[in-house]
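A.B. asks: Please see the structure below; I have some questions.
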Amino acid sequence: MILRFFRRDDGRETIQRLYGVIVAQSRDPAYYTDYGVADSIAGRFEMILLHAFLLFHRLKDEGEAGKELGQRVFDAFCRDMDANLREMGVGDLTVPKKMKKVASAFYGRAGVYDAALAAEDGALAEALLRNVYASVPERQAEAAALAVRLRQLVAALKATPFETFARGELPLPAVGAPSFVENTSS
């Protein structure tokens, strides 16, 4: 017990705090009630990916330090996904195949969300509809509201200094009620 005071800080606690905030935010009930995200394994997975993406999107502008911090959080994400797969009863021989799909899903969505954030033409809502809402047309309003929320989170994180993340803090604004945009196109 006392030896922990003499150990070198290797940053594990920082990484666990950052990843803990990602998971906690992704589990906020408002996403599943107000934003209509499916309260299922797939829905929760999509929300973890989305919140992890937010941090990585912010860190990409921080050079080598941001890249290193992002990689360590991504590694924590992978360890968590691996543990969850095993806990759900996925066999040892199947876990690596599933983990390749998890990594592929993450990188695919990160690329799509990055490009969609750069566009102003509703591409983000379309990407969210496709990924988070499984392309269910009745969820267009929720996807548009989630896109507004995502842009708010991106702006909040952009205004946050890197040192905040390096301390293990990920200050995300509380989830508020979505503002639904009336879909005028048919």
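Derivation of every value follows stated rules applied to the coordinates shown; laboratory data play no part. All of these numbers come straight from a predicted model, not from anything done at the bench. For neighbour counting, all protein chains shown are included, and Cβ atoms are generated from backbone atoms with ideal geometry for every residue, glycine included.
A.B. asks: How are the Cα pair distances of region 74-119 distributed, in percent, across 5 Å bins from 0?
C.D. replies: Calculated P(r), rounded to whole percents: 5, 21, 24, 19, 13, 9, 6, 3, 0.
A.B. asks: If one takes the longest principal axis of the Cα atoms in the chain, at what angle in degrees, from 0 to 90 and to the nearest 10, does the Cα axis of helix 140-158 lie?
C.D. replies: 40 degrees
A.B. asks: Pairing the Cα long axis of helix 63-87 with the longest principal axis of the chain, what angle in degrees results, from 0 to 90 and rounded to the nearest 10?
C.D. replies: Once rounded, the angle reads 80 degrees.
A.B. asks: May I pose another question? Quickly estimate the mean residue ellipticity at 222 nm for the chain, helices only: each DSSP H run with n ≥ 4 gives -39500 (n - 2.57), and the total goes over all residues, rounded to 500.
C.D. replies: -21500 deg cm²/dmol
A.B. asks: Still on this structure, please answer the following. Rg/Rh for the chain: what does it come to with C-alpha atoms and Rh from Kirkwood?
C.D. replies: Computed over Cα atoms, the ratio is 0.99.
A.B. asks: Can you tell me the orientation of helix 12-26 relative to the chain, as the angle in degrees between its alpha-carbon axis and the longest Cα principal axis, to the nearest 10?
C.D. replies: Computed tilt is about 20 degrees.
A.B. asks: Which order do peptides 121-131, 71-81 fall in by mean Cβ count within 10 Å, highest first?
C.D. replies: Order by mean packing, descending: 121-131, 71-81.
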